[in-house]
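Since every read-out is calculated from the coordinates, none of them should be taken as a lab result. For clarity, every value in this text was computed on a predicted model and none was experimentally measured. Glycine also receives a Cβ, built like all others from the backbone with ideal geometry; neighbour counts cover every protein chain displayed.
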Amino acid sequence: MPHDPDPPPAKKFKPGKGNASTPIEVQRKQLPIYQAKPQLLNQLRQLNNAILIGETGSGKTTQIPQYLYEAGIGRQGIIAITQPRRVAAISLAGRVADEKRTQLGKLVGYTVRFEDITSSETKLRFMTDGMLLREAIGDPLLLRYSVVILDEAHERTVHTDVLFGVVKIAQRRRKELNKIPLKVLVMSATMDVDLFSEYFNKSPVLYLEGRQHPIQIYYTKQPQSDYLQAALVTIFQIHQEAPSSHDILVFMTGQEEIEALARTCRDIAKHLPDSCGPMVVIPLYASLPPVQQLRVFQPAPKGSRKVILSTNIAETSVTISGIKFVVDTGMVKAKRFNPDSGLEVLAVQRVSKAQAWQRAGRAGREDSGCCYRLYTEDEFDNLIPMTVPEIQRCNLAGVMLQLMALGIPDVTNFDFMSKPSPEAVSSAMEHLELLGAVQKKDGAVVLTALGKKMASFPLEPRYAKTILLSPEFSCSEEVISIVSLLSVDTVLYNPPARRDEVQAARKKFISSEGDHITLLHIYRAFKKVSGNKDWCRENFVNSRNMSLVKEVQAQLKEICLKLNLKLESCGANTENVRRCLAHGMFVNAAELQPDGTYLALDTHQPVAIHPSSVLFQAKPAYVVFNELLHTSRCYMRDLCLVDADWLLDAAPEYFGRKLHLTKS
DNA sequence: GAGCACTGC
């Protein structure tokens with residue numbers, strides 16, 4: 001453990017944050033980027049593409065859009081600034097509107113799902129990358145925009161990666177058609193610029209100075225076989241040696257190990273000598289109720305040390321001030337996708353170098369800091385340089401459908417910055433063909449009328465298909481509700497300590513027809529009491545997610561109306577709903593075998609009913625399911641009881657060709 | 001008889 005001298009006094013000025021005593025104009029001029037403004041504008045005026053590399057705190061996201069606007073660059077249209085996250089788009093727009101001393105929604109606005117605070121006056125528009133992508137379906141050339149700034153490009157979300165290609169095509173097409181040129185700026189925090197620059201026709205890279213403070217990195221001398229034990233030891237070494245005002249942020253992999261380590265830390269802290277101050281241990285992960293998440297921002301009582309045990313939510317989404325020490329276990333839980341089996345696996349794995357640097361950076365936001373890596377320098381050197389972009393580890397069916405809807409001629413050869421495997425692409429195309437979204441015509445694959453409608457829903461293709469089928473079964477109201485319920489995080493609240501109470505409360509909603517109908521019963525009951533909060537508490541229903549369901553439902557209904565889809569309810573006849581689900585989800589069907597196990601019908605792999613399903617004790621002959629989850633076994637989640645005949649009816653050729661239904 | 005990182009339209 002190093003000697004830790006007293007830190008220099010904290011700097012008064014914090015980039016990107018309001019400071020009551022300093023006028024906004026002065027604050028803006030204090031940002032590191034201000035010095036570079038004249039040269040920057042000079043270059044940006046001439047360039048059609050540029051890659052901007054700026055460290056945290058450079059002020060690039062708030063200042064560059066304003067500089068462009070003030071200099072009259074891109075005045076012919078709107079300047080779009082995309083963000084991977086809603087909260088970022090909203091808060092950045094608020095900040096820039098303040099700086100321009102204008103009301104949000106006038107000159108400066110934001111557009112995220114369910115919320116559009118813009119007007120005809122809006123010239124600086126902050127938006128999620130997903131929203132710009134959706135807009136591109138109606139206007140592939142993005143003609144309203146003169147400048148598109150793709151921020152946080154290093155995060156490489158699916159949406160950003162698809163947008164890279166979309167703006168590149170729009171830029172070229174606009175030039176060919178003699179339209180107003182489109183300027184594309186890519187902003188990234190990491191130095192992995194070659195890929196970006198190469199992709200955008202070797203565009204120039206501009207470096208912006210940041211305000212990051214120095215961080216001392218420490219490695220272990222020996223590889224650690226147990227990173228949790230290593231984390232525990234490191235936390236208490238820091239606790240015994242460093243001033244109590246220095247908070248610790250520990251990066252771990254998931255809820256369970258975080259809660260376990262939190263308990264251990266609290267136990268040990270209780271039995272330490274008085275010379276050690278008290279320790280406040282705070283868990284942080286996404287599924288924690290919002291009130292508990294806010295605890296990480298409260299300063300610990302004087303003399304106490306704050307220790308935050310977090311998942312990678314604290315890497316980007318949640319920024320905590322006052323962190324002096326970062327402890328990095330070097331591990332992360334991440335989803336992987338196998339295109340052959342259609343299986344998603346959530347697995348603990350090593351972080352990338354870029355991720356390790358991102359974690360370390362969380363210690364140096366206000367002042368110099370330390371990062372303890374619980375692995376050796378050799379192990380660090382062997383980490384992969386960058387996290388594999390999401391586009392290379394997800395199901396591509398939705399992406400391919402969206403590209404087709406954008407009118408891109410040969411989607412299987414789309415110019416991705418990082419190409420997904422040909423297997424993943426062809427498996428996505430096969431999936432779309434099965435759903436009837438695309439078909440082969442004269443050797444080419446084209447979007448069908450059905451596929452075009454499917455693309456207008458912000459849903460996975462099979463859910464969109466199920467909704468579009470629902471009028472045939474006179475149950476569109478029910479199917480829209482079910483799809484809405486499935487497209488948010490679970491509405492069921494399951495505190496493990498109160499399992500018996502949960503089971504008792506849920507009993508009255510359970511349907512022998514499966515999880516979908518059970519969810520529908522809960523939703524109907526929720527609506528009957530108009531979303532009463534007490535009702536939600538008593539019935540272990542997450543009222544926040546339920547409210548979200550209502551918003552999704554309203555959006556889906558609006559799309560249905562635009563498509564002239566008949567909205568009607570089947571009332572108590574839920575068999576129709578199951579018929580509809582069978583027709584929409586037939587690719588996710590499973591069949592009971594004579595030995596009591598299940599086989600997935602498309603891949604013939606053995607699957608099991610997840611214990612969380614209401615059908616867990618039952619042995620239905622045929623089910624359709626929402627997803628497969630590979631943990632200790634391969635589990636089907638969210639099941640619906642169906643008839644074999646319905647499946648055959650839904651896809652006679654598919655089941656006749658590939659499968660052997662055991663039913664005689 | 002299990003257990004789920006994080007976003008987003």
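Descriptive notes on the structure:
- Taking the empirical scaling 2.2 N^0.38 Å for compact globular proteins as reference, chain A has a Cα radius of gyration ratio of 1.03.
- In this Cβ point-charge picture (+1 for Lys and Arg, -1 for Asp and Glu), chain A has a dipole of about 2000 debye about its Cα centre.
- At the listed q of 0.14, 0.16 Å⁻¹, the Debye profile of the stretch A:74-167, built from one uniform point per Cα, gives log10 I(q)/I(0) equal to -0.44, -0.58.
- Residue pairs, from the table A:335/A:528; A:508/A:533; A:508/A:550; A:179/A:453, whose Cα atoms sit over 26 Å apart: A:335/A:528; A:179/A:453
- Calculated from backbone phi, Karplus (6.51, -1.76, 1.60) coupling profile of the stretch A:77-83 in Hz, x at Gly/Pro: x, 9, 9, 9, 10, 9, 10
- Within the stretch A:24-208: Cβ-based charge dipole about Cα centre, in debye rounded to nearest 20 (Lys, Arg +1; Asp, Glu -1): 580 debye
- The listed peptides A:140-148, A:201-209, ordered by packing as a protection proxy, come out as A:140-148, A:201-209 (highest mean of other Cβ atoms within 10 Å first).
- Calculated P(r) of the stretch A:395-455 - Cα pairs past 18 Å, %: 24 percent
- With R₀ fixed at 45 Å, the C-beta to C-beta distance from residue A:73 to residue A:604 puts the FRET efficiency at about 0.15.
- For chain A: relative contact order, % (alpha-carbon pairs under 8 angstrom, 6 or more apart): 10 percent
- Panel order for A:164, A:126, by other beta carbons found within 10 Å of each beta carbon, from fewest to most: A:164, A:126.
- Across the stretch A:198-245, Cα-Cα distances exceeding 16 Å account for 68% of all pairs.
- Shown for chain A: cysteine residues without a partner Cβ closer than 4.7 Å, namely A:265, A:276, A:370, A:371, A:394, A:536, A:560, A:580, A:634, A:640.
- Rounded Å value of the spacing that divides the Cα centres of the stretch A:400-432 and the stretch A:515-566: 33 Å
- Per-residue ³J(HN,Hα) for the stretch A:37-42, Karplus 6.51 cos²θ - 1.76 cosθ + 1.60, θ = phi - 60°, Hz, x for Gly and Pro: 3, x, 5, 4, 5, 4
- Dipole-positive endmost among A:386, A:265, A:303 within the stretch A:215-390 (Cβ charges, Cα centre): A:303
- Farthest towards the positive end of the charge dipole of chain A, among the residues A:327, A:615, A:432, is the Cα of A:327, using unit charges on the Cβ of Lys, Arg, Asp and Glu.
- Near residue A:208, once Lys and Arg are set to +1 and Asp and Glu to -1 for all other residues with Cβ below 11 Å from its Cβ, the sum equals +1.
- Rounded to 5, the percent of DSSP beta bridges in chain A classed as antiparallel: 35 percent
- Segment residue A:379-residue A:352, extension gain: residue separation times 0.36 nm, minus the distance between their alpha carbons: 8.6 nm
- Qualifying lysines (Cα of each under 18 Å from Cα of residue A:306; at least 8 residues distant if same chain): A:270, A:324
- For the listed peptides A:182-188, A:557-563, a ranking on the average number of other beta carbons within 10 Å per residue, highest first, reads A:182-188, A:557-563.
- Between the amide H of residue A:128 and those of A:83, A:111, distances stay under 5 Å, these residues lying 5 or more places away or on another chain, with hydrogens modeled in the peptide plane.
- Those residues of the stretch A:497-517 whose amide nitrogen sits under 14 Å from the label point placed on residue A:525, 7 Å along Cα→Cβ: A:501-512, A:517
- Each Cα pair of the stretch A:291-373 feeds into the Kirkwood radius, which the Stokes-Einstein equation turns, at 25 °C and 0.890 mPa s, into a diffusion coefficient of 168 µm²/s.
- Ordered by the count of other Cβ atoms within 10 Å of each Cβ, fewest first, A:168, A:533 give A:533, A:168.
- Selected from A:162, A:92, A:65, residue furthest toward positive end of dipole (the stretch A:24-208; charges at beta carbon): A:65
- For residue A:29, the lysines whose Cα falls under 23 Å of its own Cα, not counting residues fewer than eight places away in the same chain, are A:11, A:12, A:14, A:17, A:37, A:60, A:100, A:123.
- Label positions at residue A:412 and residue A:335, each projected 7 Å from the Cα along the C-beta direction, are separated by 2.6 nm.
- Beta-bridge orientation, the stretch A:24-208: approximately 10 percent antiparallel, per DSSP, counting only bridges with both partners inside.
- Given their separation in residues at 0.36 nm each and the Cα-Cα distance between them, residue A:26 and residue A:503 gain 165.8 nm when the chain is fully extended.
- Sorting the Cα pairs of the stretch A:24-208 by distance into bins of 5 Å, from 0 upward, gives 1, 8, 18, 23, 23, 17, 8, 2, 0 percent per bin.
- Karplus-derived 3J(HN,Hα) values for the stretch A:515-527, using 6.51 cos²θ - 1.76 cosθ + 1.60 with θ = phi - 60°, are 6, 5, 5, 4, 4, 4, 4, 5, 5, 4, 5, 4, 5 Hz; glycine and proline are entered as x.
- The stretch A:585-664 - share of DSSP beta bridges that are antiparallel (%, nearest 5): 90 percent
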